[in-house]
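Worksheet: the structure to be examined is printed underneath.
Readers should treat all values here as calculations from the given coordinates under stated rules, not as data from a laboratory. Computed from a predicted structure; not experimentally measured. Note: ideal-geometry Cβ built from the backbone for every residue, glycine included; neighbour counts use all protein chains shown.
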Amino acid sequence: MLHRGTGNLVLTEEGIRAINNSLGNLVMDSGAKAALLLDKSGQLIAAQGETNALDTMSLSALITGSFGSNKAIANLVGETEFRRMFQQGQSSSIYMAQIVTHDLIAVIFPNSITVGKIKFRVDQMLDTLNQQMQAMYNNTPEAPFRAAPSAGPKLSDLF
Amino acid sequence: MALINYASREINCKIVYYGTGLGGKTTNLEYIFKQLAPGIRGEMISLATETERTLFFDFLPLDLGSVQGFKTKFSLYTVPGQVEYNASRKLILNGVDGIVFVADSQSEKMAENIESMRNMEENLSEYGLTLESVPYVLQYNKRDLGNISTFEELEVAINPRGVSSFEAVAVEGSGVFATLKAVSKAVLNRLS
Ligand SMILES: Nc1nc2c(ncn2[C@@H]2O[C@H](COP(=O)(O)OP(=O)(O)OP(=O)(O)O)[C@@H](O)[C@H]2O)c(=O)[nH]1
Ligand SMILES: [Mg+2]
């Protein structure tokens, strides 16, 4: 299993553009409402489609959590993990898949589109997304903030 | 690990409230939720049992605004303190940037606090993390009760590294923001 330790995940403009491009194509080609890429700690990396009406932060935390608890279920039935998940609603559904870096893609789609079509499109995209995320993990992290003394005082007005 | 997005100039950090069952972790988040304006905090999600015990986690997103040109967001999580929910505790620690360890000050809870701290170190080690590598602060909660250990006793028992520690009465909100501020500072300083 890949562990990130304390290293930060640095998303470069170029890297994010590539990922947004992949997610955008996925939404266009499949007719899905939205596609999200989440990192394994539960944070949103990128989203494309009709995301304005979505609480993407909460979605990210909950989808990552449910993937985690399903991994525990997998272990109980003799699997190491479930790489795909599907949740079916009345009018829309969610299809989720894990990439090699353990990050997750979640696609929200209307039930007028079959899950088979979504699954096919997502699976086609997984290698590309995986390469794009691998590249991101290989970035050398650079400190976003100047030295500590200047960060200190600013923080006292945060709350 | 923080998520640093140079495209949107955003930073996302994950802060986890850890500690023994019924210690007051959820109460901390509830108070923060109540006190902050809706623009600063998002909705709080609690995956709890019918008796209000945390089953999987609580989640509260905070938007700290701009820190040195980066839109800075924190995701606050609590773990379930009950001993049998260790699998969930381990999951929530994945990618953690900072920890608030909430201890229950009641004398009879001392052994539980120590065990919870040990359990936390063990779960961190699964991700290759230690208490040296992850910034953390301590909160000694329930200071309003009668049968409590002294501040010094708690320091000796669970603060051998001498990190920042705060007395709190989370139900009334006292000490809650002092604790949050300290962990925020420690996490952001780590990024510079
Ligand atoms: N007297 C007193 N009670 C408190 C204080 N903080 C929390 N409580 C109470 O302690 C009980 C447990 O608090 P929670 O916040 O649910 O505890 P928790 O750590 O989230 O517990 P788990 O979810 O089981 O891990 C509740 O009834 C709270 O009202 C405090 O400072 N003083
Ligand atoms: Mg709780």
Query - Complete set of residues in the stretch B:34-75 that are among the aliphatic types (A, V, I, L, M) and surrounded by 24 or more Cβ atoms within 10 Å (Cβ to Cβ) - result: B:LEU60
Report task. Could you tell me whether B:SER46 is among the polar types (S, T, N, Q), within 13 Å of another protein chain (Cβ to nearest Cβ) and within 12 Å of ligand 2 (Cβ to nearest atom)? Result -> yes
Query raised in the report: Counting just the residues of the stretch A:54-68 that are free of Cβ contacts under 8 Å to residues at least 12 places away in the same chain and either crowded, with 16+ Cβ neighbours inside 10 Å or away from chain B (no Cβ under 12 Å) (or both), which one comes out farthest from B:CYS13 (Cα to Cα)?
Result: A:GLY68
Requested in this report: Could you tell me whether the stretch B:181-192 includes any residue that is more than 22 Å from A:GLN43 (Cα to Cα) and surrounded by fewer than 18 Cβ atoms within 10 Å (Cβ to Cβ)?
Outcome: no
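Matching residues to (1) of a type in the set (Gly, Ala, Ser); (2) within 14 Å of ligand 1 (Cβ to nearest atom):
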{"position": "B:SER66", "(1), (2)": "yes, no"}
{"position": "B:PHE74", "(1), (2)": "no, no"}
{"position": "B:ASN86", "(1), (2)": "no, yes"}
{"position": "B:VAL102", "(1), (2)": "no, yes"}
Requested in this report: Please indicate, with yes or no, whether at least one residue in the stretch A:29-41 is within 22 Å of A:GLY15 (Cα to Cα), under 11 Å from the mean Cα position of the chain (by Cα) and free of Cβ contacts under 8 Å to residues at least 60 places away in the same chain.
Outcome: yes
Query raised in the report: Is there a residue in the stretch B:181-190 that is farther than 13 Å from B:PHE101 by Cα, hydroxyl-bearing (Ser, Thr, Tyr), away from chain A (no Cβ under 14 Å) and in contact with a strand residue (DSSP E or B) (Cβ under 9 Å, 6 or more places away or on another chain)?
Result: no
Query raised in the report: Would a scan of the stretch B:165-180 turn up a residue that is of a type in the set (D, E, K, R), within 10 Å of chain A (Cβ to nearest Cβ) and free of Cβ contacts under 8 Å to residues at least 40 places away in the same chain?
Result: no
Query raised in the report: What helices (runs of 4 or more DSSP H) lie completely within the stretch B:85-192 and have 2 or more residues being of a type in the set (S, T, N, Q) and in contact with a helix residue (DSSP H, G or I) (Cβ under 9 Å, 6 or more places away or on another chain)?
Result: B:86-92, B:110-125, B:176-190
Requested in this report: Sort through B:PRO61, B:PRO38 and tell me the only one that's under 30 Å from A:ASN139 (Cβ atoms) and more than 9 Å from ligand 1 (Cβ to nearest atom).
Outcome: B:PRO61
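Each row is one residue, and each column tells you yes or no for (1) surrounded by 22 or more Cβ atoms within 10 Å (Cβ to Cβ); (2) more than 7 Å from chain B (Cβ to nearest Cβ); (3) assigned to a strand (DSSP E or B).
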| site | (1), (2), (3) |
| --- | --- |
| A:VAL10 | no, no, yes |
| A:GLU14 | no, yes, no |
| A:ASN20 | no, yes, no |
| A:MET28 | no, yes, no |
| A:ALA32 | yes, yes, no |
| A:LEU36 | yes, yes, yes |
| A:LYS40 | yes, no, no |
| A:GLN48 | no, yes, yes |
| A:ASN52 | no, yes, no |
Report summary line: When (1) touching a strand residue (DSSP E or B) at 6+ places or on another chain (Cβ under 8 Å); (2) within 14 Å of ligand 1 (Cβ to nearest atom); (3) over 14 Å from B:TYR18 (Cα atoms) are applied to B:VAL79, the one that fails is (3)
**Report entry** Residues of the stretch B:63-84 classified as within 9 Å of another protein chain (Cβ to nearest Cβ), over 12 Å from the mean Cα position of the chain (by Cα) and assigned to a strand (DSSP E or B), total
**Finding:** 6
Report task. All but one of (1) part of a strand (DSSP E or B); (2) within 16 Å of ligand 2 (Cβ to nearest atom); (3) among the aromatic types (Phe, Trp, Tyr); (4) more than 9 Å from every other protein chain (Cβ to nearest Cβ) hold for B:PHE57, so report the exception by its number. Result -> (4)
**Report entry** When residues of the stretch B:123-163 are limited to those that are surrounded by 12 or more Cβ atoms within 10 Å (Cβ to Cβ) and charged (D, E, K, R), the one nearest to the chain's Cα centre (by Cα)
**Finding:** B:LYS142
**Report entry** Residues satisfying the stated conditions in the stretch A:102-140, i.e. part of a loop (DSSP other than H, G, I, E, B) and within 20 Å of A:LEU62 (Cβ to Cβ)
**Finding:** A:HIS102, A:ASP103
Requested in this report: Please specify each residue of the stretch B:11-30 satisfying the condition of being near ligand 1 (Cβ under 9 Å from one of its atoms) and farther than 21 Å from B:VAL83 by Cα.
Outcome: B:GLU30
